[in-house]
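Trainee: Provided herewith is a single structure, encoded as C-alpha cells, for subsequent inquiry.
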Amino acid sequence: MNLMMQQGRSFVQRTLCKTCAMQMARRCLVTPHTAQVLPWRLNSIQRGYHNIRLETISEVWQQFKKEFKYLKRASANRPLDPKDLNLGLEIGTAIFLIKANARVHFSNGRWYGRQQKGEKKVRLPAEEAVGYTVNAIDASGTLIDQNGFRDVMKLTGVKYLNIEGCPHIDDTCLAHLVHIRDSLTHLNINKCPSVTENGVATLHKLRKLERLNMSDLPKVRYSKLIASMLEDAVPRLRVNIISNLVDTEENRAKENFTEEDLGQTRTESV
Amino acid sequence: MLKLGRCVHLLARCTNQTSSFARTLASGGTDITKPFRQIRDGLSWTIPKDLQNSDRPPGEVDVLIIGGGAMGSSIAYFLKAARKAGVSVAVVERDSGYSMSSTVLSVGSIRQQFSTPENIYMSMYSAQFIKNVQEHLQVEGSDPPDLQFNDQGYLFLATKDKEHILHENHIIQKNCGAKVELMTQNQLKKRFPWMNTDNVTLGSYGLENEGWLDPWSLLKSFKEKAIDLGAKYYNAEVTGFNVVDDDAKPIDPTQFAPNGRRLNSVMVSMINSPEVVEVKSSYVVLTAGAWSGQLGKLLGIGTGPKEENLHMPIPVEPRKRYVYFFHCPEGPGLECPLLIDPSGSYVRREGFGGNYLCGKSPNECDEPSCEDLNVNYDFFDTEIWPNLAHRIPVMEKLKVKSAWAGYYDYNCLDQNAIIGSHPAYGNFLMATGFSGHGIQQSPAVGKLVSEKILAGEFQTIDVSKFGFERCITETPVLERCVI
C-alpha cells in the first residue's frame, strides 16, 4: 500500500458496502503527497453498492429450502388468535391445534381435525364444542415446538397426548408437561428425534401417568434403564418400549395403545 | 487506449481476487460464510493484516474484558451479537486451560428460588436462554451445543422455626412468575418416600426451569460463538492500569457521580514472556471471578482517598468449597431433585448409574485456606455424611468415588452480585462477586452489561440495586437462601 501511494497509481482498495457491510472492491486514486483517498471514475458498483455474487444454483436452492422449512415451523407455532380465544381457552387452543394439523377430542365424545393423514385441514365447528373441555390431543407428525406447546399446556384436563414423530418436540417440551401433571394419564412420544434422556427423566413429575410409549427415540441413551427407573418412580405406570430386535408391525400394534383403549378406560372409570 | 488497458488490468485483478472464492463455491457445499466472518471482526480494518492473528492484543480495542470465564464469555457474546462489526471485543484470560476457574469447577445448577426479585428475574432470563441455546449459540458448520440441562428442580427444606422465611420467599417468587410449589410434611412423605421428614415442616419444590447443567459446555459454547462472531481471546494477564485525570474535578462523593477521571489503557503482560502491551480501550469490564479484589487494588480501589470514593476495596475474595462424588446403589433414583437440607448440605443425582454429588458451605469460622485446591475428605465425614444419612436413610451406605474443590467468588458484604460501573471511573464496569450462583446468572449478566455499554442503562432487568454503591455505603442486600 505504501509503495502504491508513493507512485501515485490507481489501485483497488477493499472497503465495505454501505447497505449490507459486505467486503467489496472499490477503485480509487491515491496521490503521494496527500495520502488521501480520492474517488475516481465511480459507477454504481464502484460507488460501493452491493453487487451480485456468483453463487452456484445448489447453494441458493438449499438456502431457500431452509428458509421455507423455518417458515412452515414458525407459521405452525404462531400465538393464539385473540378472536378464537373469545369463545374460551379450550376452543381457542383447539382451533390452534387443528390449524397445525392435529386432532382434538372434546368431552362431548367427538374428534375434530383431519380424518386421515394426508387430508386437507378442516375447520372446527365451534358452536358444537362450546362448554366442553379438551380430553385428548393427537398431534403426531405436526411441527409444534416449545412455543406452541407452551400455549397448549394452558389447558387443564388433557388425559391423552400423542406427540409421536414430531421433529421439534424436545426436552423443554417434556419439561413443560409438568403443567398438566394432574390430569395426564396416557403419553406417546415414539420416534421423536430431538428428545434426549434428560427430557425423559423429567417425566417422573407426571404422577397420574398410566401408560407411556417411548420406543424408537434415537437420542435417548440407556432407554430401557430409564424406563425401568420411571416405572419405579411413578405409581401405576406401564412403559411400552420396543427393542430394536423385535421390531415388526404386528408387535407394535399389539403393544401400543390406541384410541380404542382410551374408550375402554373411560367407560371403566365411569 | 490507456483506459482500456486500465480496465483490463482492473478486471484481471478482480478475477484474481474472486476466482479462488468462485472456485471454492463451484466445488459445492463449502464455507460461503467466510467473507461474512471477516467483516464481523471489527479489528480487521484497523490493524494490519499480518498482525491480526497474532497472540499479542492490539493497541486499541473498544471493550476489554478481564477474565474469560462464563461471565466474560457471555458479555463478549452479547456485545458481538448486538453489534456485529461495530464493536471490537478482546477478552484477556491468563489461564488457558481454565484449571482454577470457578466456572468449570462448579456444580452447574440453576434455580429461581431466591428472595430478591432481581435475582429471580436474572435466573428466569438465563433459563429461557438455556432452553433456546440452539438458536443463540450454534456456530454454522459445527454440532449444535448440548448443555445437558436436567430440569429436575430444587427442594428446599425448612424446620418449624424457619418456615416463615420459606413462606415469604414463596410469595415473592410467585409474584415474579417462577413456577414453585410449597409442600407440607405429609405431601413430602408421600411424594418422596425415601426421605426422612421428621423435623421438616415445609418444602419448596421448583417445578420448571430449575435443575442443573454442564458448565463446561456452556462456557465452550459462549466462547466459540463469541470467537465466531469476531471477539478475540488472548492468553495474557492484566498487570496495570493507566488513568487519565485531565478532566477530573472535585465532586460530592455521596452523590456517586463520576468526576471525569477515566481509565485510558490497560497494561497486559504476555504469559511466559517479559513483553507488556499497552491496550487502549473505551470500556474495561472486570469479570475476574475470585481474583477481582486483587485486580481492583491495582487500580487503586481500596487505597485511594475517601473524597473520590476510592477508599472501599472490591469486597470479593476467593473461598474454597468442596464437592464430593459418591456412589449409592439404593439411592433415590430419577426423582431426586437438588435437595437442600436445613443444615446447609446439598445433594443431587448425577447421571443414571446411582452416582450423586454433594457439598456444603462451611461455617464462617471454619473456612478452609485458599492456597491450593486440595480436598479435605474429613469435612465430608464430619459435616456432610451425618446430615445426609439422617435425611436420606439409604445413604448410610455409600462410597466416595472422588472429590474436587473450587473457588467461590465470595462477596464478603452480602454474597450477592456486584454489577455496574465504579463511581470513580466512568468506563470501568464490574460483574463479579456471585458467591456460588454465577453460572445461573451468566446469560442475564452478559445481556445486562452489554446493554449498559451500548445503551448506557440496564434495559431488560433493573439491577441498580446490585451496584457498587452499596459496597461504599455498606448497605447489604441480603439473600435469605444462601447455599
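Trainee: Per the Debye formula with a single identical scatterer at each Cα and no solvent contribution, what log10 I(q)/I(0) holds for the stretch B:309-426 at q = 0.10, 0.17, 0.24 Å⁻¹?
Mentor: Each listed q maps to, in turn, -0.40, -0.87, -1.41.
Trainee: Could you pull out the GluC sites (Glu not before Pro) across the stretch B:375-483 that fall in loop regions by DSSP (anything but H, G, I, E, B) with no more than 10 other Cβ atoms inside 10 Å?
Mentor: B:E457, B:E474
Trainee: Sticking with this structure for a sec: Can you tell me how much longer the chain between B:N132 and B:E396 gets when fully stretched, taken as 0.36 nm per residue apart minus their C-alpha distance, in nm with one decimal?
Mentor: Gain on extension, B:N132 to B:E396, equals 91.1 nm.
Trainee: Given H placed on each backbone N at 1.01 Å, which residues far from B:V243 in sequence or on other chains put an amide H within less than 5 Å of it?
Mentor: Answer set, sorted by chain and number: B:N264.
Trainee: Kindly identify residues of the stretch B:89-132 having a loss of at least 40 Å² in accessible area between the isolated chain and the assembly of all protein chains, probe radius 1.4 Å.
Mentor: B:K131
Trainee: If you don't mind, another one. Give me the summed buried accessible area for the A-B pair, 1.4 Å probe, to the nearest 100 Å².
Mentor: Rounded to the nearest hundred, the buried surface is 3400 Å².
Trainee: Quick check on the stretch A:73-223: of the DSSP beta bridges with both residues there, what percent are antiparallel, nearest 5%?
Mentor: Percent antiparallel among DSSP bridges in the stretch A:73-223 is about 40.
Trainee: Evaluate the charge dipole of chain B about its Cα centre and quote only its size in Debye, nearest 20, assuming +1 on the Cβ of each Lys and Arg and -1 on the Cβ of each Asp and Glu.
Mentor: 1600 debye
Trainee: Heavy-atom accessible area per residue, the stretch B:84-162, 1.4 Å probe: how many Å²?
Mentor: 37 Å²
Trainee: Say a site is exposed when it is one of the trypsin sites (Lys or Arg not before Pro), sits in a DSSP loop, and has at most 14 other Cβ atoms within 10 Å; what is then the longest site-free stretch of chain B?
Mentor: It runs B:1-396.
Trainee: Can you work out D for chain B in µm² s⁻¹ from Stokes-Einstein, where Rh is the Kirkwood radius over C-alpha pairs, the temperature is 25 °C and the viscosity is 0.890 mPa s?
Mentor: In µm²/s, the coefficient is 100.
Trainee: Enumerate the amide H contacts of A:N135 below 5 Å, restricted to partners 5 or more residues apart or on another chain; note that Pro and chain-start residues carry no placed amide H.
Mentor: Correct list: A:H105, A:F106, A:S107.
Trainee: Excluding B:K320 itself, calculate the net charge of residues whose Cβ lies under 10 Å from the Cβ of B:K320, where each Lys or Arg counts +1 and each Asp or Glu counts -1.
Mentor: Every neighbour counted, the sum reads -1.
Trainee: Here's another thing I want to ask about it. Between the chain alone and the structure with every protein chain in place, find the residues of the stretch B:307-339 that drop at least 40 Å² of accessible area; heavy atoms, 1.4 Å probe.
Mentor: When all protein chains are present, B:L334, B:E335 each give up 40 Å² or more of accessible surface.
Trainee: Of the heavy-atom accessible surface of chain B (probe 1.4 angstrom), what whole percent is carbon and sulfur?
Mentor: It is 52 percent, rounded to a whole number.
Trainee: Stokes-Einstein diffusion coefficient for the stretch A:139-248 at 20 °C in a medium of 1.002 mPa s, Rh from the Kirkwood formula over Cα pairs: what value in µm²/s?
Mentor: After rounding, the answer is 156 µm²/s.
Trainee: So, one more: Using a 1.4 Å probe on the heavy atoms of the protein chains only, list every residue of the stretch B:340-360 that has 40 Å² or more less accessible area in the complete assembly than in its chain alone.
Mentor: SASA drop of 40 Å² or more in the stretch B:340-360: B:F352.
Trainee: Provide Rg over Rh for the stretch A:61-218; use the alpha carbon set for both Rg and the Kirkwood Rh (inverse mean inverse pair distance).
Mentor: 0.96
Trainee: Amide H neighbours of B:R94 under 5 Å, at least 5 residues apart or on other chains, H built in the peptide plane: list them.
Mentor: HN-HN under 5 Å from B:R94: B:G68, B:A236.
Trainee: Oh, and also: Between B:A455 and B:Q185, what FRET efficiency follows from the Cβ-Cβ distance if R0 is 45 Å, with the result rounded to 0.05?
Mentor: For B:A455 and B:Q185, the calculated efficiency is 0.35.
Trainee: Follow-up question, since we're still on this one. Go through the stretch A:165-174 residue by residue and turn each phi into a ³J(HN,Hα) via Karplus (6.51, -1.76, 1.60, θ = phi - 60°); whole Hz please, and just put x for glycine and proline.
Mentor: Each residue of the stretch A:165-174 in turn: x, 7, x, 9, 7, 10, 4, 5, 5, 5 Hz.
Trainee: Right, something else. Taking a cut-off of 20 Å between Cα atoms, list the aspartates and glutamates near B:K452, but don't count ones fewer than 8 places away on the same chain.
Mentor: B:D62, B:E118, B:D462, B:E469
Trainee: Let me ask you something else. How far apart, in nm, are the 7 Å Cα→Cβ label points at A:R73 and B:E60?
Mentor: A separation of 4.2 nm, rounded to one decimal place.
Trainee: Let me ask another. Mind listing which GluC sites (Glu not before Pro) in the stretch B:235-316 are in a DSSP loop and have 13 or fewer other Cβ atoms within 10 Å?
Mentor: Filter output for the stretch B:235-316: B:E275.
Trainee: Per residue, how many Å² of accessible area does the stretch A:139-248 show with a 1.4 Å probe?
Mentor: 36 Å²
Trainee: Moving on to the next point. Residue by residue through B:152-159, how many Cβ atoms from other chains fall within 10 Å of the Cβ on average?
Mentor: Other-chain Cβ atoms within 10 Å of each residue's Cβ, averaged: 1.
Trainee: Of the DSSP beta bridges with both residues in chain B, give the percent that are antiparallel, rounding to the nearest 5.
Mentor: The antiparallel fraction comes to roughly 75 percent.
Trainee: List residues of the stretch B:315-344, by number, whose backbone nitrogen lies under 19 Å from a label position 7 Å along Cα→C-beta of A:D232.
Mentor: From the stretch B:315-344, the list is B:326-339.
Trainee: Net charge near B:L213: determine it from the other residues with C-beta under 15 Å of the C-beta of B:L213, scoring Lys and Arg +1 and Asp and Glu -1.
Mentor: -4
Trainee: If contacts are Cα pairs under 8 angstrom and at least 6 residues apart, what is the relative contact order of chain B in percent?
Mentor: 20 percent
Trainee: Turning to a different aspect of this structure: As an exercise, use a Förster radius of 51 Å and the Cβ-Cβ distance of B:T159 and A:I57 to find the FRET efficiency, rounded to the nearest 0.05.
Mentor: Working from the Cβ atoms, E equals 0.10.
Trainee: Can you check what the net charge comes to around B:N411, using other residues whose Cβ is under 13 Å from the Cβ of B:N411 (Lys, Arg +1; Asp, Glu -1)?
Mentor: That works out to -3.
The values are calculated or read from the model by the stated rules, or taken from the named source; none is laboratory data. All values reported here derive from a predicted model rather than from experimental measurement. As a convention, Cβ positions derive from the backbone with ideal geometry for all residues, glycine included, and neighbour counts pool all protein chains shown. All accessible areas refer to the heavy atoms of the entire protein, side chains included, with ligands and DNA or RNA removed. Shrake-Rupley method; radii C 1.70, N 1.55, O 1.52, S 1.80 Å.
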